[in-house]
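Colleague: Here you go, one structure.
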Amino acid sequence: KGIEYFVEAVQKLRGEFPAVRAIIAGSGKFYFDISAIEKEPTFTIVNKFIQSDELVALIKATKIVVCPYIDATQSGVAMTAFVFNKPVIATDTGGFRDVIMDGVNGYLVPVKNSGAIYEKMKMLLEDKDLLDKMTKNIEKQGKTGEFAWGTIAKNYEEVYKKALSIGN
């Protein structure tokens, strides 16, 4: 899933932000030795299927959501993060390109690049104004942008109208 790149980024970030904390959540096998990070207070590992209510609680507890996937078709994590106005740093793979506007509501970084993940996390943690700006951008998107329920309803209405007109 790319967790090792996130771990590397957080370990580097910890040198500048000793109080940084990271939650690694979701079910799956780790493809690297996690024994060292299991003992560190920096990391909380929740290795199980995450129910919706748990996902909400985890996202609410963060400033930034990171999705370091090596390969993904889509992820509900990013959209859930946006519901709570949290910027998302994700690898430039799969459906993330469809929902993350680089520099507006989060950042897209190259796959398998802990340095890029580190740089973007550092930017958001160092610059409160930037973090606040992204948070406001996400909030605006949710109210009036392409992710607003009104916009989604209009898009569905257009699809239905086109589908109905095909048969005529």
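Colleague: If we keep just the residues of region 12-28 that are assigned to a helix (DSSP H, G or I) and in contact with a helix residue (DSSP H, G or I) (Cβ under 8 Å, 6 or more places away or on another chain), which is surrounded by the most Cβ atoms within 10 Å (Cβ to Cβ)?
Modeller: It comes out as L13.
Colleague: When you scan region 90-102, do you find a residue that is surrounded by 13 or more Cβ atoms within 10 Å (Cβ to Cβ), among the polar types (S, T, N, Q) and assigned to a loop (DSSP other than H, G, I, E, B), even just one?
Modeller: Yes, region 90-102 has at least one match.
Colleague: Something else: What residue, of L55, L13, is under 17 Å from the mean Cα position of the chain (by Cα) and not charged (D, E, K, R)?
Modeller: Answer to the selection: L55.
Colleague: Return a yes/no flag: does region 29-47 have any residue that is touching a Lys or Arg at 6+ places or on another chain (Cβ under 9 Å), exposed (fewer than 15 other Cβ atoms within 10 Å of the Cβ) and in a helix (DSSP H, G or I).
Modeller: The answer is no, given that none of the residues of region 29-47 is touching a Lys or Arg at 6+ places or on another chain (Cβ under 9 Å), exposed (fewer than 15 other Cβ atoms within 10 Å of the Cβ) and in a helix (DSSP H, G or I).
Colleague: Let me ask you something else. Suppose we keep only residues that are surrounded by fewer than 19 Cβ atoms within 10 Å (Cβ to Cβ) and polar (S, T, N, Q) within region 103-136. Which one would you say is nearest to V66 (Cα to Cα)?
Modeller: This residue is N113.
Yes/no matrix, rows are residues, columns are (1) of a type in the set (S, T, N, Q); (2) modelled with pLDDT of 95 or more:
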site: T91; (1), (2): yes, yes
site: T144; (1), (2): yes, no
site: W149; (1), (2): no, no
site: N168; (1), (2): yes, no
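Colleague: While we're looking at this one, here's another question. Please list, ordered by first then second residue, the pairs with beta carbon atoms under 7 Å, 6 or more apart or interchain, first in region 119-130 and closer than 11 Å to Y107 by Cβ and free of Cβ contacts under 8 Å to residues at least 12 places away in the same chain, second of a type outside the set (F, W, Y) and buried (at least 17 other Cβ atoms within 10 Å of the Cβ).
Modeller: L130/L124
Colleague: Could you check region 58-78 and list, in sequence order, the residues that are surrounded by fewer than 16 Cβ atoms within 10 Å (Cβ to Cβ), modelled with pLDDT under 90 and not charged (D, E, K, R)?
Modeller: T73, Q74, G76
Colleague: Report whether or not V20 is β-branched (V, I, T), within 23 Å of K120 (Cβ to Cβ), touching a Lys or Arg at 6+ places or on another chain (Cβ under 6 Å) and in contact (Cβ under 8 Å) with a residue 12 or more places away in the chain.
Modeller: yes
Colleague: Taking region 48-57 on its own, how many of its residues are surrounded by fewer than 16 Cβ atoms within 10 Å (Cβ to Cβ) and either in contact with a His (Cβ under 6 Å, 6 or more places away or on another chain) or under 21 Å from M134 (Cβ atoms) (or both)?
Modeller: Residues flagged as surrounded by fewer than 16 Cβ atoms within 10 Å (Cβ to Cβ) and either in contact with a His (Cβ under 6 Å, 6 or more places away or on another chain) or under 21 Å from M134 (Cβ atoms) (or both) within region 48-57 amount to 1.
The values are calculated or read from the model by the stated rules, or taken from the named source; none is laboratory data. Note that the structure is a prediction, hence the values are computed from the model and not measured. Cβ atoms come from the backbone with ideal geometry, glycine included; neighbour counts cover every protein chain shown.
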